[in-house]
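Worksheet: the structure to be examined is printed underneath.
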Amino acid sequence: MKKNILRFLVLLIAGGPLHAVEKRIEYFAKAYDRNTGKFIYTEMHSEIWVGGKHAGSEINYLGPDGKVLASKTIRYGSRKAAPDFKFEDKRTGYLEAAYWSGQSSMEFWKRENPGDQVRQVRLNAPTSDTVVDAGFDYFIRENWERLMQQDVLVHFAVPARHSFFDFRIQRANRPASNPALVLFDVRIANPLLNLLVDKITVGYDRNSRRLMTYEGLSNISDENGKSRAARIVFDYSKAGL
């Protein structure tokens with residue numbers, strides 16, 4: 001138990017500022033209820049760069065009144081598609097996290113409420129095409145040409161379920177409303193679960209390969225604690241890219 005607590009404290013400390021930060025690239029995204037079009041929250045992204053590399057990101061989710069709803073900390077290592085991360089809902093105390101424990105296994109953490117014991121499990125990670133949280137964005141960019149030619153199966157970490165789930169990424173066979181975008185559909189590979197879980201669609205700028213739009217289940221629940229689908233639009237106009 002003491003060893004587990006120590007690991008958890010290390011993960012929390014890892015969410016603090018990185019040393020020797022060279023620069024920050026900051027941008028934001030607006031999220032709208034996919035069904036009603038109502039504005040629901042803003043994502044404030046801050047990329048942390050050290051030694052010429054993207055070392056981590058800090059994300060704050062702000063409600064329409066400007067109050068922080070949740071936060072996420074991401075730390076990138078050599079596997080950009082599978083970083084360590086920690087997400088915490090400030091309203092409920094819900095927390096989930098994933099981090100590498102050695103070269104071949106990952107630890108998943110989950111806590112429903114502030115007073116609850118953190119539930120954790122260690123799993124052997126898939127040997128290839130492993131994706132963790134925001135590392136999905138790097139997977140798309142690193143496998144761009146491959147995705148243009150074929151569907152790709154990835155093993156997506158889901159700390160809330162203490163498991164990896166297989167998802168299939170497929171270039172959409174329909175035109176985007178904005179011709180500058182390339183659309184990718186992401187579906188759970190299990191045929192039965194696919195009937196129950198809506199697909200995710202992401203839109204990338206075909207030139208910069210930056211994520212521009214996201215449509216699918218949001219990680220920010222509504223005021224009643226219920227999950228909801230959102231359309232998220234990213235804005236890099238002030239990022240200096």
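Values in this text are rule-based calculations from the coordinates and carry no lab data. Fair warning: this is a prediction, and the values are worked out from it, not measured in the lab. Quick reminder, even Gly has a Cβ in these numbers, built from the backbone with ideal geometry, and neighbours come from all protein chains shown.
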Among PRO64, PRO83, PRO179: highest mean-square fluctuation, GNM of the chain, C-alpha pairs under 10 Å: PRO179
When we measure straight from the Cα of LYS90, which aspartates and glutamates land under 16 angstrom away, once same-chain ones fewer than 8 places off are left out? GLU43, GLU58, ASP65, GLU112, ASP116, ASP222, GLU223
Which lysines have a Cα less than 27 Å from the Cα of LYS199, not counting those fewer than 8 places away in the same chain? LYS30, LYS38, LYS72, LYS80, LYS86, LYS110, LYS226
Using a/c under 1.5 as the rounded threshold, could you call the stretch 136-241 rounded, prolate or oblate? The axes a ≥ b ≥ c are square roots of the C-alpha gyration tensor eigenvalues, and prolate needs a/b larger than b/c, oblate otherwise. oblate
Roughly how many nanometres apart are two label points built 7 Å out from the Cα toward the Cβ at LEU193 and ALA172? 2.3
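Just order 183-190, 91-98, 102-109 by mean Cβ neighbour count inside 10 Å, highest at the front, would you? Could the numbers behind the result be given before it?
Numbers: 183-190: 17.6, 91-98: 19.8, 102-109: 15.6.
Ranking, from highest mean packing down: 91-98, 183-190, 102-109.
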Note on the chain: contact order normalised by length, alpha-carbon pairs under 8 Å, 6 or more apart, percent, works out to 14
Relative packing of 72-80, 225-233, which averages over residues the other C-beta atoms within 10 Å, highest first: 72-80, 225-233
